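The values are calculated or read from the model by the stated rules, or taken from the named source; none is laboratory data. Bear in mind the structure is a predicted one, so any value in this text is a computation, not a measurement. Counting neighbours? That spans all protein chains shown, and the Cβs are built from the backbone with ideal geometry, glycine included.
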Amino acid sequence: MTKSGFLLIDKVTLRAKIAVALLFGALSVGASATEVAILRNGFTIRHERRARVGTNTRLFLSATDEASFIDVPTAEIDRFEPDLTPPDPPAVPEVDRSQPGVVPPPATPAAAAKLQAPQSSMNVSDAVNAASDRYRLDPDFVNSVIRAESGFNPRAVSPKGAQGLMQLMPETASQLGVSNAFDPQSNVEGGTRYLRELLERYNYDMIKALAAYNAGTKRVEQYHGVPPYRETRAYVASIVKDFNKKKLAQQKAAKATQANATAQSKPATQAPAQTKKPRTPSATQTVAKRANPPSGN
């Protein structure tokens, strides 16, 4: 199996992928019920209710927050089913890994310099592929998270203290066993592992996992979905849009490759009786036909 097929291959089930475009439009009359939207590509999105918005279907992720929603092209939705999964577990006493200020940054310049010096020779692409393979996630998804978090800057530090490619808080990095958050290999390893943990925590609901990565698990459980924070909604939308763009490009490339293979498998020449002019083609014309098979028009 190729790495592109590793999006959440779990021993229990293949529950979720993301490939939706986030658009906005005028709200129209819709349906109401807790259910799951199943997309044609197999992705699933839980929602409290839905409404038609032009050519899209707006899925409301919260029963009380009108601003917590995601728009999906209606043509991409295969069907809706009742949500039969158990409710989210209650919040457990733990340190919220994504909350800022839990552990201060290094106190001394020497410690900071040591932390900021990447120690791994592995590049970002190799680190993503290795971690994605280990935790069975689609590397394109991990890359989309890195793009939203740090713009692929291994030395990035947020105003809240998050560090490295996947913007790990010091406490998060410590719990994940990441001793140097500025080392690309260690950072991606820890961030990908944390993404996997969040996906398992939310029963492979990708939207909730991304929201928790940004705003924290406590906020997701408090609002039963994406918190009503502009930053979090924009964060989730950015990753979904980027991931969707990659998958659409891959599908387009695959179709083009298939079309080329089909064209090459056709006979390179035609019998003289089928040509418009009843004459034997020259050698140059024959070569041209072999290089450019008839299109069938």
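Here is the figure for region 138-157: residues that are among the charged types (D, E, K, R) and either more than 19 Å from PHE182 (Cβ to Cβ) or under 10 Å from the mean Cα position of the chain (by Cα) (or both) total 2. Comparison of LYS252, LYS218 shows that the only residue that is at pLDDT 90 or above, in a helix (DSSP H, G or I) and more than 30 Å from SER68 (Cβ to Cβ) is LYS252.
Using the structure shown, decide if VAL145 is in contact with a Gly (Cβ under 8 Å, 6 or more places away or on another chain) and in contact (Cβ under 8 Å) with a residue 24 or more places away in the chain.
yes
Only one of the listed residues (SER62, SER132, SER120) is assigned by TED's automatic domain parsing to the domain that holds ARG155, surrounded by 13 or more Cβ atoms within 10 Å (Cβ to Cβ) and either at pLDDT below 80 or part of a strand (DSSP E or B) (or both). That residue is SER120.
Might you let me know whether region 167-174 holds any residue that is part of a helix (DSSP H, G or I), among the aliphatic types (A, V, I, L, M) and under 25 Å from LYS245 (Cα atoms)? Before the answer, list the steps.
Taking region 167-174 first, the residues part of a helix (DSSP H, G or I) are 170-174.
When the remaining residues are screened for being among the aliphatic types (A, V, I, L, M), the result is 173.
From the residues that got through so far, the ones that are under 25 Å from LYS245 (Cα atoms) too are none.
For region 167-174, residues part of a helix (DSSP H, G or I), among the aliphatic types (A, V, I, L, M) and under 25 Å from LYS245 (Cα atoms): absent.
Checked against the criterion of being touching a Phe, Trp or Tyr at 6+ places or on another chain (Cβ under 8 Å), surrounded by fewer than 19 Cβ atoms within 10 Å (Cβ to Cβ), in the same structural domain as SER132 (by TED's automatic domain parsing) and not polar (S, T, N, Q), the candidates ARG201, ARG219, ARG230, ARG193 yield just one match: ARG193. Scoring VAL226 on the criteria (1) modelled with pLDDT of 90 or more; (2) part of a helix (DSSP H, G or I) leaves a single failure, condition (2). Comparison of SER125, SER179 shows that the only residue that is without any contact (Cβ under 8 Å) to a residue 12 or more places away in the chain and assigned to a loop (DSSP other than H, G, I, E, B) is SER179.
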